[in-house]
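A.B. asks: Pasting a structure here, questions to come.
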Amino acid sequence: MKKLFSVLLAATLCIGVGWAEEYSYTFAQKVFSANGTQILGNVSWVLAGDGGYWGYDGTKGQQFGSGSDPYKYLSLSTTGISGTVQSVKVNASTAKDAIATMSITVGGTSYLSNHSLTTTATNYTGTGNSSGEIVISISQTTSKALYIKDITITYTAAPAATVEAPVLTDEFTFWPVMNDEPSAQVTITPAAGNTVRYTTDGSTPSRTNGTAITAATTITIGATTTVMAISYVGTQTSGVVSKTYTLGPTVTGISAFKNMVNGTTARLYLPDANNARTLYVNGNDAFVRDNTGAICIYNVTTNPPLQYNQHIAGWIIGTYTNYNGLPEFTASSATNSCYLVIANPVTESDVEPVEIDAEGYESHYADWVTISDLEVSAASGSTATASDINGNTFAIYNKYNPAGYQLPYEGAIVDITGIATPYNDSQQLRPINQNNYYPLTYVVDAHRDFVSPQAAIANAQVRLKRYLPSQGWSLLTVPFEVEGFEGEVMQYTGVSLGQVGTYDFEGHTYPIQGGVMHFEDYYGNLQPGIPYLVKPYYSQQEMTVSGVTLSGDAAGSVTFSLGAQNAPGVGLLANDTPAYVGDYTLVGTYSPLTLSKDEATVKLIDDNTLSWTSLIDNTDVSGTEAYITIPNGAGVKLDLAGTGVVTAVTDIRLDNAVEGAVIYNILGQRLTRPLGQLPPGVYIVNGKKIVKR
């Protein structure tokens with residue numbers, strides 16, 4: 001009787017990537033009972049059918065199957081595994097003289113067909129590259145014993161079937177709206193047919209941990225949160241998806257914003273109490289100051305557009321950028337000015353520049369400032385270099401080209417009003433002319449040399465840095481026209497004969513005619529270079545005038561003469577009548593100077609007294625002042641407005657002591673000043689003790 005053994009292996013095999021995997025099974029015995037089961041890894045080999053044995057033993061006369069169907073099927077169940085078969089190897093054993101044939105197909109493709117099983121050839125391998133059901137058929141042509149020892153299957157494993165991971169909203173940063181609680185929404189979307197579990201507490205989700213969802217779900221978070229999610233179908237799971245949603249920082253005030261790490265994005269909150277105001281706008285640059293500091297808002301669009309003196313409150317999101325040292329608020333993807341309240345320019349006190357010096361410069365970057373009393377050392381094109389009295393250097397850069405700005409000339413002393421910025425390793429001032437503040441002010445300082453410009457400068461602003469008391473008259477000479485001086489003004493109008501004095505010359509004493517310098521009330525504009533007597537209504541430390549022409553001429557003088565006559569030495573007429581000689585000049589000066597110690601020069605000293613320079617210790621004349629030169633040995637009086645009385649000014653030849661008196665102090669030191677000019681005290685005058693009160 002012809003025997004046919006068929007082995008059916010229904011295989012869904014795991015396919016690996018790039019390497020071969022091998023499953024093999026060795027049967028433990030020659031005969032198996034029907035429906036017996038053996039295990040190979042995760043693969044079950046099942047003997048199918050209704051009874052019988054694997055193999056044939058003629059002595060027992062066992063029959064495979066029943067009736068006319070003697071076939072028994074051994075099936076290989078590989079649930080959950082897939083792959084591409086490379087080879088199937090069957091190791092069979094036969095009794096002596098047994099003859100059988102074997103065929104192997106994989107997915108309907110023949111690997112090995114009708115190979116004889118003999119006592120000398122027991123290993124048969126079919127190779128190919130197919131996948132699907134594996135069928136091993138053995139047809140025995142003799143009644144000799146035959147059994148299969150083992151079966152080996154080699155295949156390329158495929159990746160395990162994957163479960164599609166859930167989709168989470170892209171990571172983002174969020175902020176609270178105004179002062180409300182912060183909140184943001186995150187959507188978790190499973191693939192069709194998948195179950196998803198997600199967590200927000202930092203734990204890892206699994207098939208048993210986390211909140212389960214089967215459809216797209218939106219959750220609300222109120223703080224920085226990491227959302228993790230996993231999908232699963234049956235026993236298969238996806239990888240964990242994890243995304244973090246960040247509550248962005250909020251800082252209050254400009255100073256706090258500038259203290260962040262460069263490149264940090266934050267919400268800048270400006271409370272109304274911070275009094276944030278727009279200082280200046282030029283193109284993409286808008287400079288804003290609150291009561292904590294200043295910053296440049298760069299390339300940010302607002303509605304309404306920023307302009308000078310607006311009051312700003314609310315909040316806006318942006319990135320802190322340190323641009324070569326300049327603090328900037330720059331736009332980010334989250335920037336939106338809709339929560340920024342921008343009022344129209346207000347009518348309250350206008351924003352003004354902050355007066356600073358080199359020590360506080362760095363802390364005022366992006367601020368509107370004034371640096372005073374800078375001496376210009378170089379000027380060319382749009383830049384100038386200036387230094388303060390301590391040697392700190394500033395670059396003056398005309399970036400914004402404000403109306404009224406002029407490149408300062410070398411040697412000038414100036415105040416610069418503008419935006420403070422860094423420049424390389426130095427400080428840079430960018431002049432602006434906001435709110436009628438001149439970007440450049442020329443300074444005429446009574447205690448510093450004044451350098452006149454090479455040519456007159458029109459429409460300039462000038463600051464006179466000199467104290468003018470209201471208690472008495474002062475001599476004033478300035479290099480610009482002053483309109484409407486607030487005080488009394490007198491001008492030198494002439495000289496007339498005055499008191500007769502004496503003058504010693506070559507052992508002789510000669511009479512000399514003194515002069516009276518006449519000053520009249522003056523109501524016009526003070527002219528540049530002309531010395532005047534002034535008495536302001538109120539004492540003033542300094543004076544600033546705008547829209548004037550700064551003169552390029554040196555300080556002038558006013559001279560009137562009493563004439564000259566022939567006389568020995570100074571001037572004595574032949575008939576011994578007194579003579580008068582020479583000029584009485586009021587000499588103006590812009591720079592401080594030291595007068596020579598002689599009796600031809602007179603100055604007005606602090607107590608409004610005229611004195612010979614030879615009789616006073618301090619012979620310095622301040623800048624913008626004036627002094628008097630008279631004929632050598634002559635006398636002088638000032639006649640104010642024709643009264644014949646010199647108010648608060650005494651004749652230099654009259655004092656409370658005898659002419660030529662010898663004066664000592666109580667320490668025995670000889671004094672050169674007349675008694676009238678000495679302070680109260682006890683003195684020895686011509687050998688007599690005198691108490692001056």
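A.B. asks: For R277, are the conditions met, namely being in contact (Cβ under 8 Å) with a residue 60 or more places away in the chain, over 17 Å from the mean Cα position of the chain (by Cα) and assigned to a strand (DSSP E or B)?
C.D. replies: For R277, the condition - in contact (Cβ under 8 Å) with a residue 60 or more places away in the chain, over 17 Å from the mean Cα position of the chain (by Cα) and assigned to a strand (DSSP E or B) - is met.
A.B. asks: What about T224, is it open to solvent by 50 Å² or more (accessible area, probe 1.4 Å), polar (S, T, N, Q) and closer than 27 Å to S333 by Cβ?
C.D. replies: yes
A.B. asks: Got at least one residue in segment 398-412 being modelled with pLDDT under 95, assigned to a strand (DSSP E or B) and within 19 Å of D367 (Cα to Cα)?
C.D. replies: no
Condition check ((1) hydrophobic (A, V, I, L, M, F, W, C); (2) farther than 23 Å from I432 by Cα) across all residues:
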residue	(1), (2)
T265	no, yes
D272	no, yes
T278	no, no
A294	yes, no
N309	no, no
A313	yes, yes
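Each row is one residue, and each column tells you yes or no for (1) of a type outside the set (S, T, Y); (2) surrounded by 17 or more Cβ atoms within 10 Å (Cβ to Cβ).
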{"residue": "T330", "(1), (2)": "no, yes"}
{"residue": "V341", "(1), (2)": "yes, no"}
{"residue": "N344", "(1), (2)": "yes, no"}
{"residue": "P353", "(1), (2)": "yes, yes"}
{"residue": "A358", "(1), (2)": "yes, no"}
{"residue": "Y365", "(1), (2)": "no, yes"}
{"residue": "W368", "(1), (2)": "yes, yes"}
{"residue": "S372", "(1), (2)": "no, yes"}
{"residue": "V376", "(1), (2)": "yes, yes"}
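The values are calculated or read from the model by the stated rules, or taken from the named source; none is laboratory data. Predicted, not measured: the structure shown is a model, and the values here were computed from it. Methodologically, a virtual Cβ is constructed for each residue, glycine included, from the backbone with ideal geometry; neighbour enumeration extends over all protein chains shown. The area values use the complete protein model at the heavy-atom level, side chains included, leaving out ligands, DNA and RNA. Shrake-Rupley method; radii C 1.70, N 1.55, O 1.52, S 1.80 Å.
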